[in-house]
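The values are calculated or read from the model by the stated rules, or taken from the named source; none is laboratory data. Note that the structure is predicted; figures quoted are calculated from it, not measured. Note that each Cβ is placed from the backbone with ideal geometry, even for glycine, and that neighbours are counted across all protein chains shown.
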Amino acid sequence: MNIYVGNLDFDVKDEELREIFEEYGTVDTIKIISDKYTGRSKGFGFVSIPDNSEANKAIKGLNGTTLGNREITVNEAKPKKDSFYN
């Protein structure tokens, strides 16, 4: 399952995100989205957990918790739209 993680503190790194999600199961990939020009975090990212039951436990356990100085939003990622008009 692909999980959306929003409202990330701009200083949170991939390793920190991996650590908290690995408490719930096996993490496949972590990707914090950054601005392509500045390299600064955009404040959100994605975590891939192959086992859906582990992913659901992570969502329930982490949504609304504090990471860094912010309360994070954690939920199942919605599929990306192909274009502006979809």
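Could you tell me whether the stretch 43-50 includes any residue that is part of a strand (DSSP E or B) and touching a helix residue (DSSP H, G or I) at 6+ places or on another chain (Cβ under 6 Å)?
Initial filter on the stretch 43-50 (part of a strand (DSSP E or B)): 43-48.
Filter again for touching a helix residue (DSSP H, G or I) at 6+ places or on another chain (Cβ under 6 Å), leaving 47.
Yes, there is a match, as at least one residue in the stretch 43-50 is part of a strand (DSSP E or B) and touching a helix residue (DSSP H, G or I) at 6+ places or on another chain (Cβ under 6 Å).
Tell me which residues, restricted to the stretch 49-65, are crowded, with 16+ Cβ neighbours inside 10 Å and either modelled with pLDDT under 95 or not acidic (Asp, Glu) (or both).
Ile49, Ala55, Asn56, Ala58, Ile59, Leu62
Kindly check whether there is at least one residue in the stretch 51-66 that is of a type in the set (Ser, Thr, Tyr), in a loop (DSSP other than H, G, I, E, B) and more than 13 Å from the chain's Cα centre (by Cα).
Checked the stretch 51-66: no residue is of a type in the set (Ser, Thr, Tyr), in a loop (DSSP other than H, G, I, E, B) and more than 13 Å from the chain's Cα centre (by Cα).
Is one or more of the residues making up the stretch 11-34 buried (at least 17 other Cβ atoms within 10 Å of the Cβ), more than 10 Å from the chain's Cα centre (by Cα) and in a helix (DSSP H, G or I)?
Scanning the stretch 11-34, I find at least one residue that is buried (at least 17 other Cβ atoms within 10 Å of the Cβ), more than 10 Å from the chain's Cα centre (by Cα) and in a helix (DSSP H, G or I), so the answer is yes.
What about Glu76, is it under 11 Å from Met1 (Cα atoms), of a type outside the set (A, V, I, L, M, F, W, C) and touching a residue at least 12 places away in the same chain (Cβ under 8 Å)?
Numbers: under 11 Å from Met1 (Cα atoms): yes; of a type outside the set (A, V, I, L, M, F, W, C): yes; touching a residue at least 12 places away in the same chain (Cβ under 8 Å): yes.
Answer is yes for this residue.
Quick check, is Thr73 β-branched (Val, Ile, Thr) and exposed (fewer than 12 other Cβ atoms within 10 Å of the Cβ)?
Numbers: β-branched (Val, Ile, Thr): yes; exposed (fewer than 12 other Cβ atoms within 10 Å of the Cβ): no.
Here the answer is no, as Thr73 does not meet what is asked.
List the pairs whose first member sits in the stretch 19-43 and is closer than 17 Å to Ala55 by Cα, whose second member is small (Gly, Ala, Ser) and not in a strand (DSSP E or B), and whose Cβ atoms are under 7 Å apart, counting only residues at least 6 apart or on separate chains?
Every condition considered, the pairs that remain are Phe21/Ala58; Tyr24/Ala58; Tyr24/Gly61; Gly25/Ala58.
Residues of the stretch 1-13 being farther than 20 Å from Lys57 by Cα and touching a residue at least 24 places away in the same chain (Cβ under 8 Å), which ones? Reasoning before the result, please.
Applying the first criterion (farther than 20 Å from Lys57 by Cα) to the stretch 1-13 yields 9-13.
Hits for the stretch 1-13 are Asp9, Phe10, Asp11, Val12.
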